[in-house]
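To start, the structure under review is shown below, and the notes come after it.
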């Protein structure tokens, strides 16, 4: 149990996926203009990351590794993710058309959100150290890790969207307008998150 | 557009980082030093050129409905080729860049050029476009890497010219965002003139 707690704290705060690992920066910048779209996008990403990690983990363990096809990881994973995103898109269109409208172009773009592929690859290739010795994650740990990581993504995105809504009303120098000031703000935010390092 | 224009547009007019703002993840993550930035840029350029060539060849026969998945498979194939080549010949570099080599698959620059340029232009022009955007990306990554390496460890390409430790934050995550932000400001300022 303690180990799961360590995974959660570490994935959300210490190794935040955007602010420390630089994954999924493009959609992070793209949809964080408004709090409502940021929340919706976080939800969609959260769902896709967790689902994709579980599916790719199983495919890797029971298909690619026994057949000695691990070199096909990249191709196999991206295809699985693309298919999953397609399914999420269809489901969302059906149950929440307004959210579907709001997310617009960024929904199909979850496929090319490197956070999804990044977490999926990380989980099956990297050894993690939570508590005791470094080891590969088992399915339960991988699922918790993926869920916590995507919650971290949502947290960063929602916090940043709040800041950007404030920023829209302030007087920003001409050359800083738009993305430059956004990057600088994220930099300061990343500095704040650096304060969490060492607690796990 | 002239052939020379195709190659040089990546530097300023269609700079992938500062103007198109694509491929931010490797730009931020792999520019801890000038050398890492350069290596990442070259790796991306390799995939960019080859995928542009193949996609411009096959795009007339690919049905419109499935063109994105087909392009992604083409790109993923070249990324796998690159992974295997790097593991065989430059394992050290492969180790340093780590996750960001397989992640070239989802680098929006590669898919973006396939969609916006290679699928509509001749093979030769697409190859030149790949080279041009690749050079722009590589140089930008190198510049960011140089700035971060100077501030963070007081050296350039490993050649140390400032004694002491440097400002560690610039090698870590916050520095990446800050340097990119301020370089963008500088680029905007200069581009406007």
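The values are calculated or read from the model by the stated rules, or taken from the named source; none is laboratory data. Fair warning: this is a prediction, and the values are worked out from it, not measured in the lab. Reconstructed Cβ throughout: ideal geometry from the backbone, glycine too, with neighbour counts over all protein chains shown.
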| Whichever residue in the range B:58-90 is more than 14 Å from every other protein chain (Cβ to nearest Cβ) and exposed (fewer than 14 other Cβ atoms within 10 Å of the Cβ) and, among such residues, is nearest to residue B:138 (Cα to Cα) | B:89
| task | Residue by residue through the range B:91-105, note down the ones that are more than 7 Å from chain A (Cβ to nearest Cβ) and in contact (Cβ under 8 Å) with a residue 12 or more places away in the chain. | result | B:93, B:96, B:97, B:100, B:101, B:104
| said: Please go through the range A:16-32 and give me each residue that is at the interface with chain B (Cβ under 10 Å from one of its Cβ atoms) and at pLDDT 85 or above, ordered by number. | reply: A:16, A:18, A:19, A:20, A:21, A:22, A:23, A:24, A:25, A:28, A:29
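Is the range A:49-65 home to any residue that is closer than 29 Å to residue A:178 by Cβ, buried (at least 17 other Cβ atoms within 10 Å of the Cβ) and touching a helix residue (DSSP H, G or I) at 6+ places or on another chain (Cβ under 9 Å)? First the steps, then the outcome.
We begin by selecting, within the range A:49-65, every residue closer than 29 Å to residue A:178 by Cβ; these are A:49.
Cutting the leftovers down to buried (at least 17 other Cβ atoms within 10 Å of the Cβ) gives us A:49.
Next cut, touching a helix residue (DSSP H, G or I) at 6+ places or on another chain (Cβ under 9 Å) only: A:49.
Yes, the range A:49-65 has at least one match.
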| message | Restricting to the range B:16-50, name every residue that is over 15 Å from residue B:101 (Cα atoms) and within 13 Å of chain A (Cβ to nearest Cβ). | response | B:16, B:17, B:18, B:19, B:20, B:21, B:22, B:32
| task | Kindly indicate whether any position in the range A:120-137 is in a helix (DSSP H, G or I), touching a residue at least 24 places away in the same chain (Cβ under 8 Å) and within 19 Å of residue A:30 (Cα to Cα). | result | no
| field | Members of the range B:125-142 found to be over 20 Å from residue B:75 (Cβ atoms) and surrounded by fewer than 18 Cβ atoms within 10 Å (Cβ to Cβ), listed by number | value | B:139
| request: Scan A:154, A:162 and give me the residue that is in contact (Cβ under 8 Å) with a residue 40 or more places away in the chain and surrounded by fewer than 14 Cβ atoms within 10 Å (Cβ to Cβ). | output: A:162
| remark: Residues in the range B:146-184 that are assigned to a helix (DSSP H, G or I) and more than 19 Å from residue A:190 (Cα to Cα) total 3
| query | In this structure, does residue A:58 turn out to be more than 17 Å from the chain's Cα centre (by Cα) and touching a residue at least 40 places away in the same chain (Cβ under 8 Å)? | reply | yes
| request: Could you list all residues from the range A:33-76 that are assigned to a loop (DSSP other than H, G, I, E, B) and away from chain B (no Cβ under 13 Å)? | output: A:33, A:34, A:65, A:66, A:67, A:68
| query | Does residue B:118 satisfy the condition of being over 25 Å from residue A:125 (Cα atoms), within 14 Å of another protein chain (Cβ to nearest Cβ), touching a helix residue (DSSP H, G or I) at 6+ places or on another chain (Cβ under 6 Å) and surrounded by 22 or more Cβ atoms within 10 Å (Cβ to Cβ)? | reply | no
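Going through the range A:165-200 one residue at a time, which ones are more than 14 Å from chain B (Cβ to nearest Cβ) and either touching a helix residue (DSSP H, G or I) at 6+ places or on another chain (Cβ under 8 Å) or under 14 Å from residue A:13 (Cβ atoms) (or both)? Working first, answer last.
Initially, the range A:165-200 is screened for residues more than 14 Å from chain B (Cβ to nearest Cβ), giving A:165-166, A:168-171, A:199-200.
Listed by number, the residues that qualify are A:165, A:199, A:200.
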